[in-house]
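Trainee: Pasting a structure below so you can have a look.
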Amino acid sequence: MKKLLAARSYTTPTEVALLLVRVVGGLAMVLHGWPKIQDPMGWMGPDAFAPGFMLALAAVAEFGGGIAWIVGLLTPIATFGIACTMGVAVYMHAIMNGDPFVARGASYELAAVYLAVSLLILAMGPGRLSFDRAVFGER
C-alpha cells in the first residue's frame, strides 16, 4: 500500500505544474461537490438514476477528493473516485442524454475536463510537493 501512495519525483517545473493542477482542480472539485455534500443521498432529486448510496459516494469523491488533491494526501485513492464519478457523468451526458460537448445548457464539457485532469494526476501522481511524499516517501 505504501508503494501505491508514494510520490514520484520530477523536475522542479513539473512539480510546480502538478501542484498547480492539483490545487486549482481540487478547489474546483470542492466547489463542485459542496452542494452535493449538503444532501449526499438526495442531491439528484427523486428522479435520480442511481440509488442514494451511489450519490453519496459521488458527493464524497468530489468534495473529499478535491480536498485530497489540494493537500496531496491519499491522492491515488481520491483520484480514482473522482475519475469514476466523472466517467459516469460523461457517460450520462454524452451517451444516455445525447448532450453536446459544449452548450449553454446541459453538456459534458466540464465533466470531460475533470476526467482528463484526474487521469493526468492518476498517471503522474501527486509529485514531491504533497503530503503523500511526506507520509509515504518517494518511489
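Trainee: Here are some residues: ALA111, ALA106, ALA56, ALA61. Which one is of a type in the set (A, V, I, L, M, F, W, C), in contact with a helix residue (DSSP H, G or I) (Cβ under 6 Å, 6 or more places away or on another chain) and over 26 Å from LYS3 (Cβ atoms)?
Mentor: ALA111
Trainee: Hey, another quick one. Give GLY81, GLY72 a once-over and let me know the one that is at positive phi and at pLDDT 95 or above.
Mentor: GLY72
Trainee: For ALA134, work out the one condition from (1) closer than 19 Å to ARG22 by Cβ; (2) among the small types (Gly, Ala, Ser); (3) touching a residue at least 12 places away in the same chain (Cβ under 8 Å) it doesn't fulfil.
Mentor: Among (1) closer than 19 Å to ARG22 by Cβ; (2) among the small types (Gly, Ala, Ser); (3) touching a residue at least 12 places away in the same chain (Cβ under 8 Å), the lone unmet condition for ALA134 is (3).
Trainee: Then there is this: Any idea how many residues of the range 78-88 are closer than 21 Å to ARG128 by Cβ and without any contact (Cβ under 8 Å) to a residue 24 or more places away in the chain?
Mentor: 1
Trainee: Right, something else. List every residue pair whose Cβ atoms lie under 9 Å apart, where the two residues are 6 or more positions apart in sequence or sit on different chains, the first residue falls within the range 24-39 and is of a type in the set (S, T, N, Q), and the second residue, located anywhere, is crowded, with 17+ Cβ neighbours inside 10 Å.
Mentor: Matching pairs, first to second residue: GLN38/ALA59.
Trainee: What's the total number of residues in the range 81-126 that are of a type in the set (S, T, N, Q) and over 13 Å from the mean Cα position of the chain (by Cα)? Explain how you work it out, then say what you get.
Mentor: Taking the range 81-126 and keeping what is of a type in the set (S, T, N, Q), we get 85, 97, 107, 118.
Still in the running and over 13 Å from the mean Cα position of the chain (by Cα): 97, 107.
Matching residues across the range 81-126 total 2.
The values are calculated or read from the model by the stated rules, or taken from the named source; none is laboratory data. Note that the structure is a prediction, hence the values are computed from the model and not measured. Counting neighbours? That spans all protein chains shown, and the Cβs are built from the backbone with ideal geometry, glycine included.
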